Amino acid sequence: MSVPLFDTATPLAPLEAELQAKLLEIVASKRFIFGPEVEAFEREFAAYVGTRHAVGVANGTDALLLGLRALGVGPGDEVIVPSFTFFASAEPIRLVGATPVWCDVDPVTFVSTAEMVRAVLTPRTKAVIAVHLFGNVAPIAEIEALGVPVIEDAAQSAGTRLADGRRPGALSATLATFSFFPSKNLGAFGDGGAVTTGDAALAERIAMLRFHGSHDKRTFELVGHNSRLDALQAGVLRVQLPHLDGWADGRREAARLYAEAGLGELVSLPEPTPGALPAWHLYVARSGRADELLGVLREAGIGCAAYYRVPAHLQPAMRDVPPIVALPGTEEAARTNLALPMSPVLTREQVGEVVAALDD
């Protein structure tokens, strides 16, 4: 049995008629830029996350870029960010003229701790980007206690929640960013993103920055960007949003099935941070034989991947910004990670195929 790494089609199949109707409705309205569909999604997504404001933007990278600009980050500033993450977590730091400062990650949970952030904190630190990697939750309150603004990079954590009911996107007192890339837990039919915040002034500034620094297309108060979530994508996201919690439960159930099937006897299972109930965007195990096991799984027709084997600080575009501390957790996570199939509809039989291939 072939098992895909992602299965984005099966969860959407029951929604096909509703999605088609929504898209036809928007086409008939001819309201493709901003308008009621985008405004409705922003309200609904803010309510879902548990924050006061959501501002739709073109993609998750722009969400970070606009967030940094709204905070006034620029040349001479430093922004702390983990190196074990997708390159887009660090890229916007350079785009605003600031310097990324690499912090380590815990190779068991794949997120940075407050101690790791403290180790690279300097008087020039303007912000910290805390990444909820693979759907796990970074300890935002502990990092905020260090006294610097924290941006939640929540691109991979839609549907995750804490045991107390709070969600990524509403944990930071500053702002959070989301990606709606099609493979994400809440995915558009193209690119899309959002910034969430409880701060009305920050939300207003980001809303201006996404539209050329203007409220009205006539007066331009800032030099901004053209970064808008379009109405078609907003409509697609609105149809899916009521199903996100059910899909998140399916992802957690898939993780339970993996543990029940004995996967932990073959590799080290992902571990949630304390109090987190991750909606695993990726189910990333660990093994000292990770590369060998990738070959075994591919031979068996099992979707799998290695993530960030070359961490951000070693990418050619960042080699002029070396780490100021050793990053042993980053090195271990990069070397040992092994992403296994994960979706809201992963079956017991599919889990059995994955475990059997690894145990062959």
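The values are calculated or read from the model by the stated rules, or taken from the named source; none is laboratory data. Quick caveat: nothing in here was measured; it's all calculated off a predicted structure. Don't worry about glycine lacking a Cβ; one is built from the backbone with ideal geometry, like all the others, and counts go over all protein chains shown.
Scanning the stretch 41-77 for residues that are over 15 Å from Ser179 (Cα atoms), assigned to a helix (DSSP H, G or I) and touching a residue at least 60 places away in the same chain (Cβ under 8 Å) yields Glu44, Tyr48, Leu68, Arg69, Ala70.
With respect to Val284, determine if the residue is β-branched (Val, Ile, Thr), buried (at least 16 other Cβ atoms within 10 Å of the Cβ) and within 17 Å of Pro4 (Cβ to Cβ). It would help to see each step written out before you state the result.
Values: β-branched (Val, Ile, Thr): yes; buried (at least 16 other Cβ atoms within 10 Å of the Cβ): yes; within 17 Å of Pro4 (Cβ to Cβ): yes.
Yes; evaluated as a whole, the condition is true for this residue.
Of all the criteria given as (1) polar (S, T, N, Q); (2) surrounded by fewer than 19 Cβ atoms within 10 Å (Cβ to Cβ); (3) over 18 Å from Thr109 (Cα atoms), the one not satisfied by Gln240 is (2).
In the stretch 216-229, is there at least one residue being of a type in the set (A, V, I, L, M) and outside any loop (DSSP other than H, G, I, E, B)? Explain how you work it out, then say what you get.
Filtering the stretch 216-229 for residues of a type in the set (A, V, I, L, M) gives 222-223, 229.
Filter once more, so that each one left must be outside any loop (DSSP other than H, G, I, E, B): none.
Within the stretch 216-229 (the criterion being of a type in the set (A, V, I, L, M) and outside any loop (DSSP other than H, G, I, E, B)), the answer is no, since none of the residues qualifies.
Quick grid of which residues meet (1) of a type outside the set (A, V, I, L, M, F, W, C); (2) more than 17 Å from Phe87 (Cα to Cα):
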| position | (1), (2) |
| --- | --- |
| Pro278 | yes, yes |
| Arg286 | yes, yes |
| Arg309 | yes, no |
| Val355 | no, yes |
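Of all the listed residues (Thr160, Thr197), the sole one being over 24 Å from Ala285 (Cα atoms), in the same structural domain as Arg238 (by TED's automatic domain parsing) and of a type in the set (S, T, N, Q) is Thr197. Only a single criterion out of (1) surrounded by fewer than 19 Cβ atoms within 10 Å (Cβ to Cβ); (2) in contact (Cβ under 8 Å) with a residue 24 or more places away in the chain is not satisfied by Lys217, namely (2).
Listed residues Leu266, Leu277; which is more than 30 Å from Glu16 (Cβ to Cβ) and surrounded by fewer than 19 Cβ atoms within 10 Å (Cβ to Cβ)? Break it down stepwise before answering.
Working: Leu277 fails: more than 30 Å from Glu16 (Cβ to Cβ).
Criteria check complete, one pass: Leu266.
Residues considered: Ala47, Ala88. Of these, the only one that is within 20 Å of Thr330 (Cβ to Cβ), surrounded by fewer than 24 Cβ atoms within 10 Å (Cβ to Cβ) and within 19 Å of the chain's Cα centre (by Cα) is Ala88.
Taking the criterion of being in contact with a strand residue (DSSP E or B) (Cβ under 6 Å, 6 or more places away or on another chain) and either within 20 Å of Ala276 (Cα to Cα) or in a loop (DSSP other than H, G, I, E, B) (or both), the residues of the stretch 78-116 that qualify are Pro82, Ser83, Thr85, Ala90, Ala98, Val105, Ser112, Met116. Restricting Ala203, Ala127, Ala176, Ala141 to those that are within 11 Å of the chain's Cα centre (by Cα) and closer than 21 Å to His53 by Cβ reduces the list to Ala176.
Lys30 meets the conditions (1) on the phi > 0 side of the Ramachandran plot; (2) surrounded by 15 or more Cβ atoms within 10 Å (Cβ to Cβ) in every case but one. The failed one is (2).
Of the helices (runs of 4 or more DSSP H) lying entirely inside the stretch 230-328, those carrying at least 3 residues that are of a type in the set (D, E, K, R) are 244-260, 290-299.
With respect to being in contact with a Cys (Cβ under 6 Å, 6 or more places away or on another chain) and not in a helix (DSSP H, G or I), Ile33 falls outside the description.
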